Amino acid sequence: MGCWNRSVEAMPPDELREIQYKLVKSLIGRIYETSKFYRRRMKEQGVRPDDIRSLADLGKLPFMYKQDLRDNYPDGLFCAPKDELVRYHVSSGTTGKPTVVGYTRRDIENWSESLARAFSSCGIGRGDVLQVSYGYGLFTGGLGVHYGAERVGATVLPTSVGNTERQIELMQDLHTTAIACTPSYLLHMGEVAERMGVSIKDETDLRVGFLGAEPWSEQMRSRIEEWLGIRAYDIYGTSELSGPMFTECSEQKGIHIWGDLALVEVIDQETGEVLEPGERGEMVVTILQKEAFPLIRYRVGDITILDDAPCACGRTHPRIQRIQGRVDDMLIVRGINVFPSQVEHALLEIPEVGRHFQIVVDRKGALDAMLVRVEVSEEAFSDKITDLMMIRKMVEHRLRGSLNVGVAVELVEPGSLPRFEGKSKKVVDRRSL
Amino acid sequence: MEKSYIIKQISIFSENRPGRLAAIAGALRDAKINIFAFSIAEANGFGVVRALVDRPEDAHRTLTDLGFRVSFTEVIGVRMRDEPGGLSEIAAVLGDAGVNIEYAYAYSGRDGAVLIVRVDQVEDAVRQILDCGGELLKASLFQ
C-alpha cells in the first residue's frame, strides 16, 4: 500500500484519538492567548480552555463561519507574527471581499506532508511525473499540489490551466504518469487529444488522475477511467483549510482525513448537533496544527458522511465520502467557487444594468459555461446595437474580474427575470455530473 | 427650422425569441397606433425593434406600461423617387453632404419612397441635406 508515513497512517485508532486530544488541547490554549476573535467567541459561549478535558469536549467550542473570515478581512484571524508568514493565498469571498489565507513555513510543510501521504496512498511517488493542471497563483490548487508532489519525490510538470494542446504534447513528450486538475478539465483534455489524433489511453503514460475542486460523480469516474485508461481519485480541500489536502487511497472508498492534521465532525445543519459516523450532514473542520490561520470547528459548508471504520488499505484514519452537496448556494464553476451574492454585489456597481439577475450554468462539451442574464437599465438603453454590445462586454469584463471565472452575459427584457429572493430561480444549473 | 424635420422614432429592446414582435405589434394594434415603417436590428440573443408610428408618445407610454424598454431616437426621413436610381440619387446627396449613416431603413408608400436615417449630428445633417437639394419629411406627420 506504499505508506509515506506508516507509523502515523496506520497507528491504532485509540492512539490517534489520544494525539488528537493533545493537539486540540494545545491548539485551544494557544488560540485563547493569540486570537482576540476566538477568545471573544469562547467567552460568549462561556467556555474556557480548561473545559476541554476530552476529545468529546470539542463539541463545547463555538463554530467559525465563512462570514467570520469576511468580517476579519484581510488578516484579523491570523495568529502568527507577520514576519513568520511565507505565503498568502487569496480566494473569492461570498461578496466583494475575498478570503486571505496566510501560511507559516510549518503550515506549508504540513500541507505538503498531507498530500505526500495522499499521493503515496495512490501509488504516486519517485519516478512519477505529475502534471499540475490546476491554476497557479492566488488559487491554492496549483502550488498546493506542486509542493505535495515535490515532497513525495515525483517530478512536477507545472502546466497550470489552459493551452490544452500544448499540455497534451508535453504529456506525451515528458511521459506524464499522473495529473491533477478538475474532472471537467480532464474530460476536455480527452476531447482535445482526440481531435489531435492522440489517444490518452493508448498513446500516453498517464495512469492516475487526482480530480477535484468541483463536484463530480461515480458515473463520471467510470467514464473517465474507461475512456482514458487511468485510475481517477477524488481530491479534497478548500482554501480555508490550506488548499487541496486529502485524497482517496487506492481502495477508492472515501477520502482519508489525516487525523493528526485535521479533525472532521459531521453535524446536523440545523441544530449543530454532532452526528454519528454514517449519518449525512454538514462537515465541520478543525485544522489541528495550523499556525498562521487556525480554523476551529469551521463550517466549510460541504455535505458528507463520516466513516471511521478501518480501511482495507490498512490506514486507520477516518474517511469522508465524496462531497454530496452544499448547505448554501455556492456554485463551483470550472473549479472556482461562485456565490450568487457575488454576482449581485458586482451588478450593484454597474448602473447600466438592473440589480436582478439569473445565473445559468451548463456544460459545453466537457467544460462549464456560466451565463448571467441581466436587464438593461432605462438610462442605458440605446437603440444602437453597438452600444448594447459594449454594455454586454463591459458587464462580462466586470463579472469576470470579481468572480475570477469567465462569464457570458445575456441582455434580457425588463421584468423577465425572477423578482423574488431565493436560490431556486436565480440559479439554473443544467449540468449533469 | 432644422428641428421641424427631426422625427421621433421609437426603439424597443427585444429578446431574440419567438413571439416578441407579435407582443409589440399586438400592443400597438390594441392602442390603435399605426406603424409607417419599422426594422429589426439583431445581435446574438437580443435585438432592437425600431418603428415610425403615427403617435410616438402614445406608443412609448403603451409599451413602457407593458414593461418594455423603450426609447425615442431622433431620425430623419429623406424622400426618394420610387423608381430605379432613387436610392442611388439620395445616397449621393448624403455622401456629398458629408453625412455618415449609423443605420437606415426604407419604406415606400402612396406618397413615394422614404429612406429613414439615423445620423450622429442630426441638425447639421438636416441643413446639409437641404443645402444639397434633398427633400425631408416633416416631423409633423408623426405628431
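Just so it is clear, none of the values below were taken in a lab; they were calculated from the coordinates. For clarity, every value in this text was computed on a predicted model and none was experimentally measured. Reconstructed Cβ throughout: ideal geometry from the backbone, glycine too, with neighbour counts over all protein chains shown.
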Find the all-direction average of the projected area of the Cα convex hull for the range A:367-412, expressing the result in square nanometres with one decimal place. 3.4 nm²
Could you compute the FRET efficiency for residue A:60 and residue B:124, with r as their C-beta to C-beta distance and R0 at 56 Å, rounded to 0.05? 0.10
Karplus-derived HN-Hα couplings along the range B:97-104 (A = 6.51, B = -1.76, C = 1.60, θ = phi - 60°), whole Hz, x at Gly and Pro: 7, x, 8, 9, 8, 7, 7, 8
For the range A:46-197, max minus min Cα coordinate along each principal axis, in Å, sorted largest first? 65, 36, 32
Assuming a ≥ b ≥ c are the square roots of the Cα gyration tensor eigenvalues, decide whether the range A:1-103 counts as rounded (a/c under 1.5), prolate (otherwise, with a/b larger than b/c) or oblate. oblate
How would you order A:157-163, A:177-183 from highest to lowest mean count of nearby Cβ atoms within 10 Å? A:177-183, A:157-163
Gaussian network model of chain A, Cα within-10 Å springs - most flexible of A:19, A:108, A:224: A:19
What is the gain in length, in nm to one decimal, between residue A:371 and residue A:253 on full extension, counting 0.36 nm per residue of separation less the C-alpha to C-alpha distance? 39.0 nm
Can you give the Rg/Rh ratio of the protein assembly as shown, where Rg is from the C-alpha atoms and Rh is the Kirkwood radius? 1.14
Please give me, ordered by residue number, the GluC sites (Glu not before Pro) of the range B:48-143 that lie in loop per DSSP and have at most 16 other Cβ atoms within 10 Å. B:135
Sorted from largest to smallest, which semi-axis lengths in Å does the alpha carbon gyration tensor of the range A:336-429 give for its equivalent ellipsoid, taking the root of 5 times each eigenvalue? 20, 16, 13
I'd like the trypsin sites (Lys or Arg not before Pro) in the range A:1-87 restricted to DSSP loop residues with at most 15 other Cβ atoms within 10 Å, sorted by number. A:53
Calculated [θ] (222 nm, deg cm²/dmol) that DSSP helices of n ≥ 4 give over chain A, each run adding -39,500 (n - 2.57): -10000 deg cm²/dmol
GluC sites (Glu not before Pro) within the range A:343-390: DSSP coil, no more than 16 neighbouring Cβ in 10 Å: A:349, A:378, A:379
Integer Hz, Karplus 6.51/-1.76/1.60 couplings in order for the range A:345-353, x for Gly and Pro: 4, 5, 5, 4, 8, 10, x, 5, 10
Taking the alpha carbon gyration tensor of the range B:75-142, what are the square roots of 5 times its eigenvalues, largest first, to the nearest whole Å? 17, 14, 11
With +1 on each Lys and Arg Cβ and -1 on each Asp and Glu Cβ, and nothing else charged, work out how big the dipole of the protein assembly as shown is about its Cα centre, in Debye to the nearest 20. 840 debye
Assuming a viscosity of 1.567 mPa s and a temperature of 4 °C, what translational diffusion coefficient in µm² per second does Stokes-Einstein assign to the range A:290-368, Rh being the Kirkwood radius over Cα pairs? 78 µm²/s
Extent along principal axes [Cα atoms of the range B:5-73; Å; largest to smallest]: 32, 27, 18
Take A:430, A:117, A:105 and order them by how many other Cβ atoms sit within 10 Å, fewest up front. A:430, A:105, A:117
Which one, A:388, A:58, A:143, has the greatest fluctuation when you compute a Gaussian network model over chain A with C-alpha springs under 10 angstrom? A:388
Of the listed links A:364/A:426; B:8/B:138; A:43/A:82; A:22/A:82, those spanning more than 23 angstrom between alpha carbons are A:43/A:82; A:22/A:82
Taking a ≥ b ≥ c as the square roots of the Cα gyration tensor eigenvalues, with a/c under 1.5 meaning rounded and otherwise prolate when a/b beats b/c or oblate if not, the range A:234-320 comes out oblate
Residue by residue through the range A:77-90, which ³J(HN,Hα) values in whole Hz follow from phi under the Karplus form 6.51 cos²θ - 1.76 cosθ + 1.60 (θ = phi - 60°), with glycine and proline marked x? 9, 6, 10, 10, x, 3, 6, 9, 6, 10, 6, 10, 10, 10
Debye calculation, C-alpha points only, no solvent: report log10 I(q)/I(0) for the range A:1-328 at q = 0.07 Å⁻¹, in the same order as the q values. -0.28
Simple spin-label model, 7 Å along Cα-to-Cβ: residue A:22 to residue A:308 in nm? 1.9 nm
Which values of log₁₀ I(q)/I(0), to two decimal places, follow from the Debye formula for the range B:1-42 at q = 0.18, 0.21, 0.24 Å⁻¹ with a uniform point scatterer at every Cα? -0.65, -0.80, -0.95
Expected max-MSF residue from A:308, A:202, A:107 in the GNM of chain A (alpha carbon, under 10 Å) is A:202
Could you give the nm distance between label points at residue B:74 and residue A:67, where each point is 7 Å from its Cα heading toward the beta carbon? 5.3 nm
Averaging 1/r across every pair of distinct alpha carbons in chain B and inverting yields a Kirkwood hydrodynamic radius, in angstrom, of 15.8 Å
